[in-house]
Amino acid sequence: MSPLTGIQGVIFDLDGTLVESELNFTHIKQELACPLNIDILDFIDALPTHIERQRAHDIIIQHETNDAQNAKALPNMHPLLNTLKTLSLPCAIVTRNSKAATATKLTQNNIDIDLVLTRECYPAKPAPDALLAIAKQWQLPAKKLIYVGDYLYDIQAAKNAGMTSVFINHHKQPDYQTQADVIVNNLAQLQQAIQASNPAST
């Protein structure tokens, strides 16, 4: 039986999952003097003063805002969302992005998903808090939900929440992808897998 059989809801990451992102985290970390092996949000939270933390957040938000201006939907995003709507599967988004940049990307790409949680809402991934909050709001068991993303934190967040992790590798082969429950190359392949695993779609 496919891990996608009988799913009752789908939660997506945003950047690199539903829409493009050109954020260069190596460059941003260099600008912040953040070591490359440390998570950028953890680094900012550990800064000693409020002024330093605010300055760092402002730098990230500026990069995110610039990135959001031209971000386009990834191929097959709308057909996938239409399929999920046809199957009556609720959808949500959990992103480490800011509210402002997220809103821009959703609006300009006509993404009709109402439940969207950003890093301002709950502790950022790989913490499971936002995913579990959605499961609670939907009144569905976490094990019946999937979380779809394109990075290690997405796999870890899904596992921490007890959800099925779906990894989109964009035809690349990072070592950590083997930790995911399901691996797909792109959104079209995910759409096909969900349709094949859920009889109501046929």
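The values are calculated or read from the model by the stated rules, or taken from the named source; none is laboratory data. These numbers were taken from a predicted model, which means no experiment stands behind them. Methodologically, a virtual Cβ is constructed for each residue, glycine included, from the backbone with ideal geometry; neighbour enumeration extends over all protein chains shown. Just the protein is used for accessible areas: all its heavy atoms, side chains included, with ligands, DNA and RNA removed. Shrake-Rupley method; radii C 1.70, N 1.55, O 1.52, S 1.80 Å.
Worth a mention:
- Applying the condition of being touching a helix residue (DSSP H, G or I) at 6+ places or on another chain (Cβ under 7 Å) and assigned to a loop (DSSP other than H, G, I, E, B) to region 28-48 and asking which residue is least open to solvent (accessible area, probe 1.4 Å) yields C34.
- So G16, is it more than 14 Å from the chain's Cα centre (by Cα), surrounded by fewer than 19 Cβ atoms within 10 Å (Cβ to Cβ) and of a type in the set (G, A, S): no
- Matching option when the condition is surrounded by 17 or more Cβ atoms within 10 Å (Cβ to Cβ), on the phi < 0 side of the Ramachandran plot and part of a helix (DSSP H, G or I), among A100, A196, A130, A124: A130
- Qualifying position, being hydrophobic (A, V, I, L, M, F, W, C) and more than 20 Å from E22 (Cβ to Cβ), among I168, I113, I93: I113
- Any hit, region 134-149, residues being of a type in the set (S, T, Y), in contact (Cβ under 8 Å) with a residue 60 or more places away in the chain and over 20 Å from P75 (Cβ atoms): yes
- Some residue of region 49-64 being open to solvent by less than 80 Å² (accessible area, probe 1.4 Å) and in a loop (DSSP other than H, G, I, E, B): yes
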